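Before any comments, here is the structure.
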Amino acid sequence: MRIEDIFGTGGPIAKHHPTYEARRQQVSMANAVASSLSLNRHLVVQAGTGLGKTFGYLVPAIIHARAAKKRIVVSTKTLNLQEQIFKKDIPFLQKVFNTRLPFVAVLAKGRSNFICRRKMEHIRTFDRGLLTQESHIKELREMQNLLSSKEFNGDREQMPFHPAPDLWQHVCGEGESCLRRVCPFFGDCFYYIARRAQAQADIVVANHALFFADLAVRKDAGFLHEQAVLEDYDAVVFDEAHNLEDVATDFFSRRVSPGEIRRTTAAISVGLRGMLVSDNAESGRIVEALVQRLTHETDFFFLQFDKAMRLMPSDKYPHVLKTHLVELIKALAELTAGANEEQTALATQLCQRLTRIDETLDFILERRGGDAEYAYWVELGEEGVTLVSAPVSMEDELREHIFARISAVVLTSATLSSILLRRVGLDKCDLLRLESPFDYAKNALLYLPKDAKDPREETFDEYAAAKIAEIVRVTQGRALVLFTSFRSMQAAFERLASLDREGFTVLMQGNASRSTLMHRFTTSSQAVLLAVASFWEGIDVPGEALSCVILVRLPFGVPTEPITQARIEDMERKGEDAFCAYSLPTAILKLKQGFGRLIRTSEDKGVVAILDGRVQNKRYGRAFLKELPPARITHALEDVKDLLSVR
């Protein structure tokens with residue numbers, strides 16, 4: 001089947017899709033991906049919004065997988081895109097190809113999405129007193145009933161209810177607690193049944209985090225097949241590839257928190273009630289005493305970290321938990337000496353968890369990764385304090401374990417740059433840049449206020465709120481307002497409260513779930529949504545519901561973030577201009593992502609407003625404007641009014 005015929009006006013896609021429009025850019029991308037897969041060459045495609053890049057790589061990937069009998073992984077960053085591909089795009093293409101090219105696709109999921117039969121049996125047998133809330137006990141009974149159904153696949157998503165998070169952690173699968181082949185439920189394990197289904201698949205849909213979880217296993221030369229998260233594959237397509245460096249950095253960072261230690265000691269205590277203790281009650285009491293001591297000392301140790309901060313070479317924090325960890329590891333090993341295979345496997349796994357905590361604390365507190373190669377810091381989050389270390393550069397790691405190991409890698413996004421490709425270790429590849437088919441000059445405006453202020457001015461927050469109100473009155477709401485910090489978003493939300501009295505619906509990220517916010521935004525009158533972080537990408541609202549995107553500040557990385565600081569210092573040590581080589585291109589990519597939320601179909605019209613005066617007044621402002629889609633620039637709100645009044 002020729003690519004041109006599949007995507008042609010009278011082709012199979014058009015026959016099944018009444019509103020389909022043939023796009024030459026989509027055909028160019030599909031041909032390039034087909035060549036990459038057949039010739040085992042790496043490919044980078046920067047594909048403008050509206051090009052149809054998902055079909056642009058799925059169609060050639062399916063054809064190649066079937067013809068060459070090879071498995072291809074398609075990986076995305078966001079859950080939204082992953083679900084779109086697996087629940088919408090792939091079923092559509094299965095109808096398109098039908099009997100002419102039947103193919104199998106599966107969605108890869110991690111262990112934590114599935115019920116663990118061993119943990120369910122353990123909680124039924126030994127932990128009847130563990131759950132005290134009536135709602136949790138009721139949900140547990142419902143789960144036990146589901147286990148008796150042949151149709152139930154153990155996936156949380158298939159349950160008729162959403163289990164409470166603090167209950168789910170007691171019954172879901174975990175990589176660290178999995179006994180694998182030693183587990184008596186291995187043959188019926190929900191996770192491994194789903195995992196084995198990948199062996200029959202042509203296309204495996206995953207997310208970047210899951211891909212890197214698999215990569216971490218495959219880095220070890222002696223890894224076992226059942227340890228891998230993904231079945232063996234021959235090629236990978238990374239969509240939303242601009243996120244690769246950040247996801248890889250996060251995944252290969254080392255972390256330790258009081259919560260992690262408590263979960264490990266809790267697992268030991270639970271094990272003591274069951275198969276860890278048989279006839280050795282005295283040794284069990286010794287282990288329990290050591291568990292309580294470690295828990296107490298952990299709380300005391302982490303009290304000294306009372307704020308988020310970077311750990312510098314001059315900071316000295318002794319690893320006072322080492323003695324308690326080593327004693328507990330030794331006592332656990334002695335407790336299970338002569339135990340059966342299952343008991344030994346569980347004890348070994350628990351000892352490995354304790355050893356990993358000990359080694360991570362050593363690595364961070366003693367700065368074992370070096371000061372030039374790693375950044376070290378204290379993070380405050382939902383679990384309280386977390387000690388973190390992360391590699392400053394992912395270049396060598398990704399070059400060795402992705403681009404040198406996998407024969408064909410396709411990277412695609414609406415926003416990529418040569419600097420980013422270098423930072424992820426991609427030295428040699430084919431490049432294809434395809435512009436969006438949308439008519440931005442006709443349908444979009446870039447509004448730059450004449451009175452725009454520098455965000456470093458004290459009055460900027462007040463100015464921004466007033467300007468947002470002025471703009472949304474003209475656009476009649478229908479606006480997504482993107483911030484770079486929660487503080488500035490909150491400040492604007494408080495100042496914009498009076499808009500409610502004018503009939504506007506002002507929404508803010510964090511006040512409801514993402515799905516609830518998006519539903520209210522698309523269905524409410526004169527809606528204005530204030531958001532940060534993930535809302536800069538992955539939001540797809542075609543039509544009039546979103547007619548205005550307001551970018552409050554240029555999205556430079558926060559210079560006080562430890563990993564950002566460390567990367568800037570690393571470049572300066574090498575004699576590079578960190579602003580031009582890192583800070584500026586990273587901010588430009590994010591600004592393009594924010595701009596891309598506006599025009600989602602050929603019929604859409606709208607305006608992007610940038611309130612940050614630096615885009616007009618600083619020399620580097622031209623670099624931002626040069627990379628944005630070719631919308632008309634205006635300084636007058638009257639032009640905005642004229643454009644939107646055409647509707």
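The values are calculated or read from the model by the stated rules, or taken from the named source; none is laboratory data. It should be emphasised that the depicted structure is a prediction, and the values quoted were computed from it without experimental measurement. Cβ sites come from the backbone with ideal geometry, for glycine too, and all protein chains shown count toward neighbours. Remember, those area values only see protein heavy atoms, side chains included, never the ligands or the DNA or RNA. Shrake-Rupley method; radii C 1.70, N 1.55, O 1.52, S 1.80 Å.
Among DSSP bridges having both ends in the chain, what percentage is antiparallel? Round to the nearest 5.
25
Please quote Rg/Rh for region 70-170 to two decimal places, taking the Kirkwood radius as Rh and restricting both calculations to Cα atoms.
Taking Rh as the inverse mean 1/r over Cα pairs, Rg/Rh reads 1.10.
Keeping all protein chains in place and using 1.4 angstrom, which order do VAL270, VAL236 fall into by accessible surface area, from largest down?
VAL270, VAL236
How large is ³J(HN,Hα) for each residue in region 506-516, as worked out from phi by the Karplus curve 6.51 cos²θ - 1.76 cosθ + 1.60 (θ = phi - 60°), to whole Hz, x for Gly and Pro?
9, 10, 9, 3, x, 7, 6, 5, 4, 5, 5
Can you list the lysines whose alpha carbon sits under 29 Å from that of LYS574, skipping same-chain ones fewer than 8 residues off?
LYS574 reaches LYS219, LYS316, LYS428, LYS590, LYS592, LYS618, LYS626.
Over the chain, what is the relative contact order in whole percent, taking alpha-carbon pairs under 8 Å and six or more residues apart?
Averaging sequence separation for qualifying contacts and normalising by length gives 17 percent for the chain.
So for region 428-546, averaging the separation of alpha carbon pairs under 8 Å that are six or more residues apart and normalising by length, what relative contact order in percent results?
26
For region 218-250 and region 295-314, what is the separation of their C-alpha centers, rounded to whole Å?
32
Could you list the trypsin sites (Lys or Arg not before Pro) in region 611-640 that lie in coil according to DSSP, counting only those with at most 14 other Cβ atoms within 10 Å of their Cβ?
Passing both the DSSP loop test and the Cβ count: LYS618, ARG619.
Can you give me the Kirkwood hydrodynamic radius for region 277-360, using every pair of distinct Cα atoms, in Å to one decimal?
One over the average 1/r among Cα pairs gives 14.5 Å for region 277-360.
How far, in nm, would the chain grow between GLN304 and CYS580 when pulled straight, counting 0.36 nm per residue and subtracting the alpha carbon separation?
My answer for the length gained is 95.6 nm.
Ignoring any ligand, DNA or RNA, what whole percent of the accessible area of the chain comes from carbon and sulfur when the probe is 1.4 angstrom?
50
Mind grabbing the accessible area of MET312 for me, 1.4 Å probe, Å², rounded to tens?
Near enough 80 Å² of accessible area.
Report, by chain and number, residues whose modeled amide H sits under 5 Å from the one on LEU507, excluding near sequence neighbours (fewer than 5 apart, same chain).
VAL528, LEU529, LEU530
Give me, ordered by chain and number, the residues 5 or more places off VAL410 or on other chains with an amide H under 5 Å from its own placed amide H.
LEU43, VAL236, VAL237, PHE238
If I take all pairs of Cα atoms in region 303-416, what percentage of them are more than 19 Å from each other?
Cα-Cα pairs in region 303-416 separated by more than 19 Å: 64 percent.
Can you give me the solvent accessible area of HIS324 with a 1.4 Å probe, rounded to the nearest 10 Å²?
30
About its Cα centre, what dipole magnitude does region 139-196 give when the only charges are +1 on Lys and Arg Cβ and -1 on Asp and Glu Cβ, stated in debye to the nearest 20?
With Lys and Arg at +1 and Asp and Glu at -1, about 340 debye.
For every helix of n ≥ 4 consecutive DSSP H residues, a contribution of -39,500 (n - 2.57) applies; sum these over the chain, divide by its total residues, and give [θ] at 222 nm rounded to the nearest 500 deg cm²/dmol.
My calculation for the chain gives -13000 deg cm²/dmol from helical runs alone.
To test your reading of the geometry: what angle, between 0 and 90 degrees and rounded to tens, separates the Cα axis of helix 134-147 from the longest principal axis of the chain?
The angle comes out at about 90 degrees.
Report the label-to-label distance for GLU457 and GLU544 in nanometres (one decimal), using points 7 Å from each Cα along the Cα→Cβ vector.
Modelled inter-label distance: 3.6 nm.
Rounded to whole Å and sorted largest first, what semi-axes of the equivalent ellipsoid does the C-alpha gyration tensor of the chain yield via the square root of 5 times each eigenvalue?
After diagonalising the Cα gyration tensor, the semi-axes are 44, 32, 26 Å.
For ALA228, what charge total do you get from the other residues with a beta carbon under 15 Å from its beta carbon, if Lys and Arg give +1 and Asp and Glu give -1?
+4
Suppose accessible area is computed on protein heavy atoms with a 1.4 Å probe; arrange ARG495, ARG255 from highest to lowest.
Putting ARG495, ARG255 in descending order of accessible area: ARG495, ARG255.
So between SER515 and THR132, what do we pick up on full extension, going 0.36 nm a residue minus the alpha carbon distance?
Full-extension gain reported as 134.8 nm.
Translational diffusion coefficient, Stokes-Einstein: compute it for region 460-586 using the Kirkwood radius over C-alpha pairs as Rh, at 20 °C and 1.002 mPa s, and state it as an integer in µm² s⁻¹.
Calculated translational D: 134 µm²/s.
Calculate, for ALA281 and GLN227, the FRET efficiency according to 1/(1 + (r/R0)^6) with r their C-beta to C-beta distance and R0 35 Å; round to the nearest 0.05.
Taking R0 as 35 Å, the efficiency between ALA281 and GLN227 is 0.55.
Please state the shape class of region 374-491: rounded when a/c is under 1.5, otherwise prolate if a/b exceeds b/c and oblate if not, all from the C-alpha gyration tensor.
Oblate is the answer for region 374-491, as a/c is 1.5 or above yet b/c matches or exceeds a/b.
Does region 1-73 classify as rounded, prolate or oblate by the C-alpha gyration tensor (a ≥ b ≥ c root eigenvalues; a/c under 1.5 gives rounded; else a/b over b/c gives prolate, otherwise oblate)?
oblate
Based on the Cβ-Cβ distance from ASP500 to GLU334, what FRET efficiency comes out when R0 is 51 Å, to the nearest 0.05?
Efficiency, from the Cβ-Cβ distance: 0.20.
State, to one decimal in nm, how far the label point of HIS17 lies from the label point of THR125, with both points 7 Å from Cα in the Cβ direction.
Simple spin-label model gives 5.3 nm for this pair.
For region 202-359, what does the relative contact order come out to in percent, with C-alpha contacts under 8 Å and a separation of six or more?
Relative contact order for region 202-359 comes out at 23 percent.
Along region 445-458, what does the Karplus equation 6.51 cos²θ - 1.76 cosθ + 1.60 (θ = phi - 60°) give for ³J(HN,Hα), rounded to whole Hz, x for Gly and Pro?
10, 10, 8, 10, x, 5, 9, 4, 10, 6, x, 7, 6, 4
In nm, what is the difference between 0.36 nm times the number of residues separating GLU342 and GLN84 and their Cα-Cα distance?
My answer for the length gained is 88.8 nm.
Take peptides 177-190, 434-447 and line them up by average Cβ neighbours within 10 Å, highest first, as a rough protection proxy.
434-447, 177-190
With labels modelled as points extended 7 Å from the Cα through the Cβ direction, what inter-label distance (nm, one decimal) is found for PHE92 paired with ASP439?
About 2.3 nm, to one decimal.
Apply the Kirkwood formula to region 142-299: the hydrodynamic radius equals the inverse of the mean of 1/r over all pairs of different alpha-carbon atoms; give it in Å with one decimal.
About 19.0 Å for region 142-299.
Note down the accessible area of PHE403, probe 1.4 Å, to the nearest 10 Å².
20
Can you tell me the FRET efficiency between ASP315 and ASP427 if r is taken as the Cβ-Cβ distance and R0 is 35 Å, rounded to the nearest 0.05?
The formula returns an efficiency of 0.45 here.
Which loop-located GluC sites (Glu not before Pro) does region 515-586 contain, where loop means any DSSP state but H, G, I, E or B and the Cβ has at most 14 other Cβ atoms within 10 Å?
Those that pass, being in a loop and sparsely packed, are GLU576.
Taking the 0 to 90 degree range and rounding to the nearest ten, how far is the long axis of helix 53-68 tilted relative to the main principal axis of the chain, both from C-alpha atoms?
50
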